[in-house]
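**Q** Can you keep this structure in mind? I'll have questions shortly.
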Amino acid sequence: MTTALAAAALAVPAQAHHRSSESPLPTVTPRAETPVLHDDDEGGNADADDPAIWRNAAAPGRSLVIATAKEGGLRVYDLDARPVQSIAAPPAVGEDDAPGRFNNVDLVHGLRLSSGRADLAVTSDRGHDRLRFYRIDRDRVGGPLTDVTDAAAPPVFSRDQAEINDQRTAYGLATWTDPASGKSFALVSRRERTSITLLELLPTATGTVTYRTVRTLELPSSFRLPDGTSWSPCAEPDELPQVEGMVVDPANGTLYAGQEDIGIWRLRADLTGTPKLIDKVREYGVPGTYDEETEECTPGADPGYGGTKISADVEGLTLLTESDGDGYLLASSQGDNTFAAYDRELEDANEYEGGFRVAPANSTLDGSEECDGAAVLNAPLGDRYPNGLLVVQDGHDAPGDGDRPATNFKFVDLGTVMDALDD
């Protein structure tokens, strides 16, 4: 079932405004970084993208960070940012077909499999338009992750291999377990489209996991501006403003979704009801002209209808929960290399609470630029991170290796982040 939402119904009232200068954001520095990945033939086309933090309840200091590396598959790291396991993405079906490409990752806790309850890492395989599932066992010989994906798991959006090869496929990902029913779900966005689909996760009798589509929602691709004109962000022909960063608040079943060139949406995780745009990127409403030769957009004059806190692309949404029900929604403001924090509580209308930058710790441990993905866990993780952990992707690792593309993940003590937000 597909729910189409009219852009007019979702138009966000606004007034043109002047953007006043603001004081510089506070900075935090990482304690560790993972080995660099290179998105070239020599590096196995590995490109760091999105992390998730799995807490080992029995031994928190032996917790793990599980992260995607696109065509490089999955990487697993310990809390010292050292590699523990590497899992290759599945190969292409045929010679001319797209190879596996792991985009985003999230966790499901305590899913009831035929072999007992298990924690799972779930990843979106953009190359094959499928979800992949990996059982987590910290002490398993050979590595903590075991593939438990059902061989018959269907494409998420595509009807056949030809559509899969067009790569309008599974992209962003967030998991959610409904406390009322106990059922677990994945919310998956579609590359270069505005679609978000809700999938119910289904364990099989053989110990594997598959899924079924519950419903799909379409966010708008065009917007009515306060001056009465209609606006869509500049893009390649037939490319719509996609969603990637997503996270669900488990306390109330609220999904937050970052539509990269638009802003952050709040909606029900079951994809019913009407989405609300809680903040807009600065570039919202700016016209642009696409140049087919350069494959770039030339922006026009800014009419002043955008927000003031985040710059396109908005990505890397993650939820920092606190025991009293408070906390923050953190978002990567990729366009200006910052992170924005919004109040988690709905009664406070997700108001902006502040922001920070992840800056270099020293000449060899740099900060985070153009962050694609982030994960936060507000729980003690042994002696290394007693205050919790924030993991962020770094889109340009320094000092780098010549002209080779270089990415990795930075580990930040969550206590320093909380101090920055409390300033």
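The values are calculated or read from the model by the stated rules, or taken from the named source; none is laboratory data. A quick note: this is a predicted structure, and the numbers were derived from the prediction, not measured. Heads up, the Cβs are rebuilt from the backbone with ideal geometry, glycines too, and the neighbour counts pull from every protein chain shown. What goes into the accessible areas is simple: the full protein's heavy atoms, side chains included, and nothing from ligands, DNA or RNA. Shrake-Rupley method; radii C 1.70, N 1.55, O 1.52, S 1.80 Å.
**Q** Which ones in the stretch 100-147 are touching a residue at least 60 places away in the same chain (Cβ under 8 Å), under 26 Å from residue 163 (Cα atoms) and not in a strand (DSSP E or B)?
**A** Correct list: 126 only.
**Q** Restricting attention to the stretch 155-168, which residues are within 27 Å of residue 269 (Cβ to Cβ) and either touching a residue at least 60 places away in the same chain (Cβ under 8 Å) or over 22 Å from the mean Cα position of the chain (by Cα) (or both)? Steps first, please.
**A** Taking the stretch 155-168 first, the residues within 27 Å of residue 269 (Cβ to Cβ) are 155-159, 163-164, 167-168.
Result: 159, 163, 164, 167.
**Q** Mind checking which residues of the stretch 202-229 are in contact (Cβ under 8 Å) with a residue 40 or more places away in the chain, farther than 18 Å from residue 183 by Cβ and not hydrophobic (A, V, I, L, M, F, W, C)?
**A** 206, 207, 218, 220, 221, 222, 224, 226, 227
**Q** Next question. Being in contact with a Phe, Trp or Tyr (Cβ under 8 Å, 6 or more places away or on another chain), small (Gly, Ala, Ser) and at positive phi, is that true of even one residue in the stretch 72-85?
**A** Among the residues of the stretch 72-85, at least one is in contact with a Phe, Trp or Tyr (Cβ under 8 Å, 6 or more places away or on another chain), small (Gly, Ala, Ser) and at positive phi, which makes the answer yes.
**Q** Okay, moving on. If a residue has to be of a type in the set (Asp, Glu), closer than 16 Å to residue 308 by Cβ and open to solvent by 50 Å² or more (accessible area, probe 1.4 Å) to count, how many in the stretch 324-358 make the cut?
**A** Keep residues of the stretch 324-358 that are of a type in the set (Asp, Glu), which gives 324, 326, 336, 343, 345, 347-348, 351, 353.
Then keep just the ones that are closer than 16 Å to residue 308 by Cβ; that gives 336, 351, 353.
Filter again for open to solvent by 50 Å² or more (accessible area, probe 1.4 Å), leaving 351, 353.
Looking only at that region, the number is 2.
**Q** Could you check how many residues of the stretch 303-323 are assigned to a loop (DSSP other than H, G, I, E, B), touching a helix residue (DSSP H, G or I) at 6+ places or on another chain (Cβ under 9 Å) and either surrounded by fewer than 20 Cβ atoms within 10 Å (Cβ to Cβ) or among the acidic types (Asp, Glu) (or both)? Even if it seems obvious, please write down each step before you answer.
**A** Keep residues of the stretch 303-323 that are assigned to a loop (DSSP other than H, G, I, E, B), which gives 303-309, 311-313, 322-323.
This time we only want the ones that are touching a helix residue (DSSP H, G or I) at 6+ places or on another chain (Cβ under 9 Å), so: 311-313.
Now drop any that are not either surrounded by fewer than 20 Cβ atoms within 10 Å (Cβ to Cβ) or among the acidic types (Asp, Glu) (or both), which leaves 311, 313.
Residues flagged as assigned to a loop (DSSP other than H, G, I, E, B), touching a helix residue (DSSP H, G or I) at 6+ places or on another chain (Cβ under 9 Å) and either surrounded by fewer than 20 Cβ atoms within 10 Å (Cβ to Cβ) or among the acidic types (Asp, Glu) (or both) within the stretch 303-323 amount to 2.
**Q** Then there's this: What is the one condition in (1) open to solvent by 30 Å² or more (accessible area, probe 1.4 Å); (2) modelled with pLDDT of 95 or more; (3) among the hydrophobic types (A, V, I, L, M, F, W, C); (4) closer than 28 Å to residue 102 by Cβ that residue 398 does not satisfy?
**A** Status for residue 398: all satisfied but (2).
**Q** Further question on the same structure: Criterion first (modelled with pLDDT of 95 or more, within 21 Å of residue 168 (Cα to Cα) and either open to solvent by 30 Å² or more (accessible area, probe 1.4 Å) or of a type in the set (Gly, Ala, Ser) (or both)) does residue 227 satisfy it?
**A** no
**Q** So, one more: What residue, of 253, 273, 288, 300, is more than 17 Å from the chain's Cα centre (by Cα), in contact (Cβ under 8 Å) with a residue 60 or more places away in the chain and surrounded by fewer than 19 Cβ atoms within 10 Å (Cβ to Cβ)? Break it down into steps so the answer makes sense when it comes.
**A** Values: 273 fails: in contact (Cβ under 8 Å) with a residue 60 or more places away in the chain; 288 fails: in contact (Cβ under 8 Å) with a residue 60 or more places away in the chain; 300 fails: in contact (Cβ under 8 Å) with a residue 60 or more places away in the chain.
Only one candidate passes the filter, namely 253.
**Q** Something else: Any residue in the stretch 372-385 that's farther than 19 Å from residue 408 by Cα: show its pairings with residues that are in a strand (DSSP E or B) and open to solvent by 30 Å² or more (accessible area, probe 1.4 Å) at Cβ separation under 8 Å, as long as the two are six or more apart or on different chains.
**A** Sorted first by the residue in the stretch 372-385, then by its partner, the pairs are 378/321.
**Q** From 355, 316, 388, 325, which residue is in contact with a Ser or Thr (Cβ under 7 Å, 6 or more places away or on another chain) and on the phi > 0 side of the Ramachandran plot? Write out each step before concluding.
**A** Details: 355 fails: on the phi > 0 side of the Ramachandran plot; 388 fails: in contact with a Ser or Thr (Cβ under 7 Å, 6 or more places away or on another chain); 325 fails: in contact with a Ser or Thr (Cβ under 7 Å, 6 or more places away or on another chain).
Being in contact with a Ser or Thr (Cβ under 7 Å, 6 or more places away or on another chain) and on the phi > 0 side of the Ramachandran plot holds for just one of 355, 316, 388, 325, which is 316.
**Q** For the stretch 256-268, which positions are open to solvent by 10 Å² or more (accessible area, probe 1.4 Å) and out of contact with any Pro (no Cβ under 8 Å at 6 or more places or on another chain)?
**A** 268
**Q** Taking residue 283 as meeting all but one of (1) open to solvent by 30 Å² or more (accessible area, probe 1.4 Å); (2) assigned to a loop (DSSP other than H, G, I, E, B); (3) within 30 Å of residue 119 (Cβ to Cβ), write down the number of the exception.
**A** Residue 283 satisfies all of (1) open to solvent by 30 Å² or more (accessible area, probe 1.4 Å); (2) assigned to a loop (DSSP other than H, G, I, E, B); (3) within 30 Å of residue 119 (Cβ to Cβ) except (3).
**Q** From the list 317, 240, 267, exactly one residue is hydrophobic (A, V, I, L, M, F, W, C) and under 27 Å from residue 24 (Cβ atoms). Which is it? Before the answer, list the steps.
**A** On the way: 240 fails: under 27 Å from residue 24 (Cβ atoms); 267 fails: under 27 Å from residue 24 (Cβ atoms).
After ruling out the rest, the residue left standing is 317.
**Q** Please go through the stretch 380-394 and give me each residue that is within 10 Å of residue 79 (Cβ to Cβ) and assigned to a loop (DSSP other than H, G, I, E, B), ordered by number.
**A** Once the filter is applied, which keeps residues that are within 10 Å of residue 79 (Cβ to Cβ) and assigned to a loop (DSSP other than H, G, I, E, B), the stretch 380-394 yields 382, 383, 384.
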